[in-house]
Structure formats: structure tokens, C-alpha cells
Amino acid sequence: MSLLDYLVVIGTMVGIAVFGVWRTRGIHNPSTYFKGDRTMGWGTIGISVMATQASAITFLSIPGQGYESGLGFVQNYFGLPLALIIIAVAFLPIYRRLGVYTSYEYLGRRFDGKTRLLGAGLFLLQRGLAAGVTIYAPAIILSAVLGWRLDLTILFTGLLVIVYTVTGGSEAVSLTQRYQMAVIFAGMVTAFVVLLIKLPAGLGFTDAAALAGSLGKLEAVDFSFDPDRRYTIWSGMLGGLFLSLSYFGTDQSQVQRYIGGASLREGRLGLMFNAVFKIPMQFSILLLGALVFVFYQFEKPPVFFNQATWQAAAQSGDAAAFRAVEEKFAATHGEKQEKIDAWMQAKRAGDPAVEATARASVLEWHRRSEAVRGEARALLVAADPDAKTKDSDYIFITFVLNYLPHGAIGLLVAVIFAAALSSKASELNALGTTTAVDFYRHLHKTPVDDAHYVRAAKWFTAMWGLFAIGFALFARFMENLIEAINILGSIFYGVVLGLFLVALFLKRIGGTAVFIAALVAQALVVVLYFSLTISYLWYNLIGCAACVGLSLLLQWVLGSRSPAREAGLS
Amino acid sequence: MKRAPLDAPNDNPADGVPPGDDEVTGLPGFRTWRRVYLFVFGCFVLAVVFLALFSRHFA
């Protein structure tokens, strides 16, 4: 990175944060601090919801996923539009009508205190631990590729977001996310334009797509019924529906983004904005990865994109063997490139038979090229058994650093930071609010004014931010724990959704039945997770169904609810 | 004092919204929320069809 790139990165990130602090200084009103500006329109709400989900990993990993596996991951989002419609119809009106600050506050009013604390506790556990991972994950990649100190990268990201999130709460988060999303959009458009410009002369988008498609990168929709297939239209629509319902409907980091605003109408339209644009957005990011793949068919890529790990292993292992596999890969890639050129010529000549033969040759040499990459990974593990052989997270950033002009590099690195800051801010805001409202205020019996709770929320937000930084700083020593924490989300979400569906639609079920049902359902999901090999999306459905089903059964066993409970609010 | 049911319309004047006003979309061509949701769902169906055709064309 050049001086210009650093100026772009630091200028945009610090500038947005400083602007956020300045605009939201002096907020003491709990409604504004917890829910944001009451004049907030659907555009701000919609962007805030989108920015909260789009973390740094979205822009590091998903292009890499498009490069390696193609467009299939887009199916994960097929359940999202219907989920957001359901939330707009059933969840949001309840939240606004009751004037709650957190989604778990609703559970307390509907059932009882212990159910509220269970929901809030599961959120704090899962999101609190994940908060460290979402700082660590992009920092480790940027540190490895750019040579930055990992601890300073983590501290810079974490402290910056703490400052404006603590100062301005939900309003600061929404305000800064507008500008962060603008940076993200500008960066992704720039990457697309530069990529298309850098494709070989005469290779247009159609030819590039044809090449990507022939090598299996453009299969976006899989109609298979095999439950072991990771991404299919069915797992996306059904499992993804329940995942999206839980994430957008019950996870405080999302709920807090849309329960404020000028009116119910603005919240609904903000959700519908995401329902319409989320799938095209994810498709675009995956397509970017597929086009990077096409680009690298004409420019030799590294045999292993995480060059820091590769070089370190080469120095500690058999350097000659590493050089040999690099040379073998270069030779194989060169042959493949010739076959691709021949295939392109055959396509233009319009001879189907010759084209089919040339295409088969391309596929064969692509298979050989992938086999050499497999040899490289085996060599890596032989030199360092602890080395990570998955390098897809480094593909896009490698392309950016090596092929984009200066200035644009800074912009794309700013995209990664903007995404990290925007999602992290929502997380910390939600963690601080939930701690303050669902635990501290709920359990604090001494009467105090609202400003006291705002101050408490600021302290809790800072506490969670420092916890996340601390966890990220020590996470490098606990790689398996990081993977476990990422799994937690897929295990917990279904049961939490079950709690809310019972609350909203099954009025006869009381707090005791649903509380016990949730605990049993959660245990069941954990057991099934370690017993089955199905796509993780299905656990959302399983957990939700188990919680709802067991609630019905337990309420039947316990008998009908008491008349006092029938009144609704506990 | 009897408590209002949880899902009853909220007549709290502090909310600042007259009863029933939440049903106004304010969007030209979409007078009801049902139409908005149908439009959104229609966009989703179009997206899936596009992706399926895109896959079939280039695969």
C-alpha cells in the first residue's frame, strides 16, 4: 500500500467515526440512545439493517467463496425476503406497540422474567463471544497480507468503534453506517470496473461468464433434495427462512436497527428494502469472486493465496519441494491457459464439435491444476501440521493488492474496515443495551432516572467492546474455539426463534412450559449437531420446531394457563 | 384493573400515531401493505428465476 492508500483508509474510517461522535454528542435520552433518532426514515433503517449483516468477512470470504465454489452460496439468502415480510407483519408492530428497547423485553412481558433472561442470556453468550471473532477474523487476514501488526490492527478497529458507539449509541451507529455503506458500494463498483478492464482484450463479460460457467462457477441454484448438500434451493428457502426469521426478528443487533425510526411505516419499508436488495447484493459479491477466478485463468495466481503461511512453511520445511510444486503449478497453469485460448477461438469459429473437444481439454487441465493445488496443501501440512489449508479468504485481497491502482487499493481496504466497523458497532450497541435493559434495569430495584440507564448502557457497551478486543488479542491461541463460536450461532438461533414464535402465535402457552421446552430443545440440537452431517441451516428449523412442539406438549401436561396469565402482560 | 390483550390496537397517544394510520404505505401504486409484500415476493421469485436461467445459460 502507498501513502495515498493509507490516507484513504485512515481518512475515511477516522473521518466517519469523528463525524459520528460530533453529531451525536450529548445524547442522554434513552429513547434516542437505544433506538436512534425518532425522525429516522426507511432509507437509514434499510441501510443500517444491511450494514449490520455485511461484516468484513462478507467482503473477504464471499468473493473467495465465489472463486472456489461458485455462486451456490446465494441460496442461503432465499429465505430472507419471506422472513422479512413475516417480521414486518408480525414482529415489528408488536415491538413498536409495546415500546420495548430490546426484543427480549417482549418475552418478559409475554411470559415471565426467567424466559426473558433466557432469551437475553443466549444472545449475550452467542453474540458476546462472536464479537471477538468478528474483530479477529478480518484483522488476521489483513495482518498476514499487509504485514501489519495483528495486535495494533485489532486495537485500531476495536477502539475506533467503541468511541463512537459509546458516545452516540444507536443514533451514532445508524449515522455512521450510511457513510460506511457508501464506501462499501463505491469500493465494490470500483473492483468490478477494474476487473472487467483488466480482463484480456477481446474477452467480454459474456465470454468471461461462459468460461466461469464451464468450470462450474456459475451454478447459482441447486434443485437437489440431498440433505447433505451444503447449499440447495430447499435448504436456503426453508432453513434460510428460519435462520433469517431468528436473526432479523429476534437478534437484538438487528432488532435495534429497525424498532426506532419515525413510524411503523418507515421500519417496514426499511425491512422491505433489504428484502428486495439483499439477494442481488450477495449475488454481485459472489459474481465478483467468479470473475476474479476468470481473471486468474489469464494471470498466474499463487499456488496458495495465503503467501505468509506458504513462505513460512517453505522456510521451515523442504524449500526445494515447495519450489518444485510452484513450478509444476506454473507449468500446469500455462498449459491450461493455452487450452482456454484454443477454446475461445473455437467458440468464435462456431464449430460445435471443435468447441466441445477444446472445452473438454480445458476441463481436464483445470482438474490437473486443482490437483497440483491439492499437492501444495499436502506439502504445507507436512511442513506445518497446524497450518490452515483453506486460503479462499485471501483470494480477493491478494487480487486487490496486486492488480488495483493505488488509491483504489486504499478504497478496497477501507471497504473491509467499513464493513467491520458497521457490523461491530451494531453488535456492541446491542450487547450494551441488552445488558443494561434486560439484566441491569430488570434486576436493579432502586428507582433511578432514565439518564442513569443511559450511563449504564455506555459503560456496558465499552465493557463489551474491551472484552471483544481482549478476546481477539488472545484468539490467535485458540483457533478451535473460534470455530466453535461460529458454530454457536447456527445452534442457538432456532431455539430462540421458537421462543418468539410461541410468544407471538401460541397465546395459551405460558412461561414455564416454553422455558423448559427451550432448554430441552437446545440440548437436543447440540446432540444432533454432533451426531448428524446435514447442512447447518437445517438446525434452525429443527431447534425452532423442537421448542414449539415441546412447548405445546408441556403446556398440555401442565394444564391450561391461569386466568391471570391469560391477560397477557406478566 | 383489566389489562389490555397483548395484540390489541394501541391507542396510546404518546405513540403519536392515530389508530389505523400504520396501514398507510404512502407509496404511489401501493395503497396497501399486502400489495407491497406481494411486490417484494414477486421480486424474490424473479430473482430466483433469473439465477436459475443464468446458471442454465452459462453452466
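The values are calculated or read from the model by the stated rules, or taken from the named source; none is laboratory data. Bear in mind that the values here come from a model prediction, so they are computed numbers and not experimental data. Ideal geometry is used to build each Cβ from the backbone, glycine not excepted, and the neighbour counts take in all protein chains shown. Side chains are part of the model used for accessible areas, which takes the heavy atoms of the whole protein and leaves out ligands, DNA and RNA. Shrake-Rupley method; radii C 1.70, N 1.55, O 1.52, S 1.80 Å.
Once you reduce the range A:80-132 and the range A:433-463 to the center of their Cα atoms, the two points are 18 Å from each other. Of the residues A:540, A:234, A:59, the one whose Cα sits farthest toward the positive end of the charge dipole of chain A, with +1 on the Cβ of Lys and Arg and -1 on the Cβ of Asp and Glu, is A:540.
Couplings 3J(HN,Hα) for the range A:311-324, derived from phi with the Karplus relation 6.51 cos²θ - 1.76 cosθ + 1.60 (θ = phi - 60°), are 5, 4, 5, 4, 6, 8, x, 7, 4, 5, 5, 5, 5, 5 Hz, where x marks Gly and Pro. Neighbours of residue A:127 by Cβ distance under 9 Å: Lys/Arg scored +1, Asp/Glu scored -1, total -2. What whole number of Å gives the distance from the Cα centroid of the range A:345-363 to the Cα centroid of the range A:202-226? For the range A:202-226 versus the range A:345-363, the Cα centre distance is 17 Å. On a C-alpha basis, how far is the centre of the range A:30-52 from the centre of the range A:134-196 in Å? Whole number, if you could? The two parts, judged by their Cα centres, are 19 Å apart. In this assembly, the B-A interface accounts for approximately 3000 Å² of buried accessible surface in total, computed with a 1.4 Å probe and without ligands, DNA or RNA.
Ligands, DNA and RNA left out, the accessible area of the protein assembly as shown computed with a 1.4 Å probe is 65% carbon and sulfur. Each of the peptides A:262-268, A:75-81 was scored by the mean count of other Cβ atoms within 10 Å over its residues; in descending order, highest first, they stand as A:75-81, A:262-268.
Per residue of peptide A:213-221, the mean number of Cβ atoms on other chains within 10 Å of the residue Cβ is 5. When only Cα pairs below 8 angstrom with a gap of at least 6 residues are kept, chain A shows a relative contact order of 31 percent. Residue A:22 label point, 7 Å along Cα→Cβ, cut-off 12 Å on backbone N: hits in the range A:166-189? None, by backbone N distance to the label point.
The string of couplings for the range A:68-78 from the Karplus curve (6.51, -1.76, 1.60, θ = phi - 60°) is 7, 10, x, 8, x, 4, 4, 5, 4, 9, 5 Hz, one whole number per residue in order, with x for Gly and Pro.
Residue A:502 sits among other residues whose Cβ lies under 11 Å from its own Cβ, and their net charge, with Lys and Arg +1 and Asp and Glu -1, is +3.
A loss of 10 Å² or more of accessible area (1.4 Å probe, protein heavy atoms, ligands and nucleic acids excluded) relative to the isolated chain is seen in these residues of the range A:69-85: A:78, A:81, A:82, A:85. When you restrict to C-alpha pairs under 8 Å that are six or more residues apart and normalise by the size of the range A:3-128, the relative contact order lands at 13 percent. Counting Cβ atoms of other protein chains within 10 Å of each residue's Cβ and taking the mean over peptide B:33-46 gives 5. Ranking A:325, A:108, A:551 by how far each Cα lies toward the positive end of the dipole of chain A (charges on Cβ) leaves A:108 at the top. When only the Cβ of Lys, Arg, Asp and Glu is charged (+1, +1, -1, -1), the dipole of the range A:307-387 relative to its Cα centre reaches about 260 debye. The Cα trace of the range A:307-387 gives Rg and Dmax of 16.7, 52 Å, the first to one decimal, the second as a whole number. With the convex hull drawn around the C-alpha atoms of chain A, the volume per residue stands at 148 Å³. Summing charges over neighbours of residue A:258, with a neighbour being any other residue whose Cβ is under 10 Å away from its Cβ, gives +3 when K and R count +1 and D and E count -1. Among the listed pairs A:339/A:390; A:217/A:424; A:217/A:339; A:198/A:388; A:278/A:390, those with a Cα-Cα distance over 20 Å are A:339/A:390; A:217/A:424; A:198/A:388; A:278/A:390. Using Cβ point charges alone (K and R +1, D and E -1), the dipole size of chain A about the Cα centre works out to roughly 1920 debye. Look at the stretch A:92-100: the mean tally of other chain Cβ atoms within 10 Å of its residues' Cβ atoms is 3.
Phi angles of the range A:89-96 translate, via the Karplus equation with coefficients 6.51, -1.76, 1.60 and θ = phi - 60°, into HN-Hα couplings of 7, 10, 7, 4, x, 5, 4, 6 Hz per residue; Gly and Pro are given as x.
Take residue A:163: with every protein chain present and a 1.4 Å probe, its accessible area is about 80 Å². Each of A:130, A:49, A:154 was scored by the projection of its Cα onto the charge dipole of the range A:31-161, and the greatest displacement toward the positive side belongs to A:49; charges sit on the C-beta of Lys, Arg, Asp and Glu. Taking the square roots of five times each eigenvalue of the Cα gyration tensor of the range A:52-207, the equivalent ellipsoid has semi-axes of 36, 23, 16 Å, listed largest first. For the protein assembly as shown, the 222 nm mean residue ellipticity estimated from helices alone, with every DSSP H stretch of n ≥ 4 adding -39500 (n - 2.57) and the total spread over all residues, rounds to -24500 deg cm²/dmol. Take every Cα pair under 8 Å whose residues are at least 6 apart in sequence, average their separation, divide by the length of the range A:307-387, and the relative contact order is 45 percent.
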